[in-house]
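Bear in mind these aren't lab numbers, they're just calculated from the coordinates by the rules spelled out. Owing to the predicted nature of the structure, the values given are computational and were not obtained by experimental measurement. So basically every Cβ, Gly included, is an ideal-geometry build from the backbone, and we count neighbours across all protein chains shown.
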Amino acid sequence: MQTNKENIIIDITFNFSIDIINYCKKLEENRQYNIGNQLFRCGTSIGVNVREAQNTESKIDFIHKLKIAAKEADETEYWLQICNQLKDYPNTTDLLVKIESIQKILSKIISSSKQSSNYQTIKSSN
């Protein structure tokens with residue numbers, strides 16, 4: 001169940017998805033479909049997995065969803081780095097700064113969640 005309480009990672013990843021969609025529109029306009037499609041999928045998947053993590057039934061599921069989001073963020077960074085190196089592609093410097101911030105926040109949330117005693121107890125019983 002979602003609450004109206006502000007959740008910074010949800011807000012940041014939602015806004016990042018909008019940025020990725022807009023960047024991919026530019027790629028489409030330039031007929032650069034292959035990378036655009038790949039970037040669209042992984043770049044928007046981050047926020048989806050973060051959102052899904054908010055409704056998990058256990059701490060393990062929560063961490064798992066955030067780990068998926070972190071993997072998608074890594075893939076997104078990869079594609080953005082490639083785009084930034086290609087001569088005819090729009091610059092991705094701002095998006096790279098944003099994805100780095102998202103990666104740091106996800107890493108911190110995952111690390112903090114793993115350190116909770118409840119997670120350690122659940123994990124050791126499996």
Hey, what did the chain get for relative contact order, percent, Cα under 8 Å, at least 6 apart? 26 percent
GNM on the chain, C-alpha springs below 10 Å: top fluctuator among Lys25, Lys71, Lys87? Lys87
Mind checking which lysines have their Cα closer than 25 Å to the Cα of Lys98? Skip sequence neighbours fewer than 8 apart in that chain. Lys5, Lys25, Lys26, Lys65, Lys67, Lys71, Lys87, Lys108, Lys114
Would you list Leu66, Leu27, Leu96 from fewest to most Cβ contacts within 10 Å? Leu96, Leu27, Leu66
So which residue, out of Glu57, Glu72, Glu28, gets the largest mean-square fluctuation from a GNM of the chain using Cα contacts under 10 Å as springs? Glu57
Mean residue ellipticity at 222 nm from the helices of the chain, using -39,500 (n - 2.57) per DSSP H segment of n ≥ 4 over the full residue count, to the nearest 500 deg cm²/dmol? -28000 deg cm²/dmol
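Of Asp88, Asp11, how do they rank once you tally other Cβ atoms within 10 Å and put the fewest first?
Ascending number of Cβ neighbours within 10 Å: Asp88, Asp11.
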Using DSSP H assignments, which helices in the chain have an axial alpha-carbon span of 27 Å or above and a mean Kyte-Doolittle hydropathy of 0.0 or higher? 8-29, 93-115
